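The values are calculated or read from the model by the stated rules, or taken from the named source; none is laboratory data. All of these numbers come straight from a predicted model, not from anything done at the bench. We place every Cβ from the backbone using ideal geometry, glycine too, and count neighbours over all the protein chains shown.
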Amino acid sequence: MTRTDIETEILRIFREGFEIDQPNPDDHLRDKHQFDSIDAIELLVAIEKYLGSELTQAEKKLAMEIRTLRQIFDYVEALAKKRQLFSEG
């Protein structure tokens with residue numbers, strides 16, 4: 001998977017799962033889109049499905065600091081690299 005693949009999938013999740021179309025990557029999700037803790041849990045489950053593996057407690061804890069879509073892209077990219085699923089390009 002590439003950064004473009006990750007961005008495309010996360011945008012699909014937001015569109016289909018949260019009915020948020022074309023968010024700005026730097027929008028504060030809670031302030032701009034009323035993204036709450038239940039949404040965050042649903043997003044983490046979707047990320048686990050996308051990566052094909054469960055997140056560790058430490059990985060989930062890191063997610064608590066995420067505030068923007070761009071941070072989600074970076075987070076998933078780091079997880080993909082850790083799992084050796086990421087390819088440059």
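Structural remarks
- Residue in the range 2-18 that is hydrophobic (A, V, I, L, M, F, W, C) and either touching a strand residue (DSSP E or B) at 6+ places or on another chain (Cβ under 7 Å) or exposed (fewer than 14 other Cβ atoms within 10 Å of the Cβ) (or both) present: no
- Annotation note: of Ile20, Ile66, Ile72, the sole residue that is of a type in the set (A, V, I, L, M), in a helix (DSSP H, G or I) and at negative phi is Ile72.
- Qualifying residue in the range 75-89 (condition: touching a Pro at 6+ places or on another chain (Cβ under 7 Å) and crowded, with 18+ Cβ neighbours inside 10 Å): no
- Residue list for the range 25-35, filter: surrounded by 11 or more Cβ atoms within 10 Å (Cβ to Cβ) and either touching a residue at least 12 places away in the same chain (Cβ under 8 Å) or in a loop (DSSP other than H, G, I, E, B) (or both): Pro25, Asp26, Asp27, His28, Leu29, Arg30, His33, Phe35
- The listed residue being within 13 Å of Glu9 (Cα to Cα), modelled with pLDDT of 95 or more and in a helix (DSSP H, G or I), out of Glu42, Glu77, Glu59: Glu77
- Pairs, first acidic (Asp, Glu) in the range 71-89, second crowded, with 17+ Cβ neighbours inside 10 Å, C-beta under 8 Å, six or more apart: Glu77/Ile6; Glu77/Phe86
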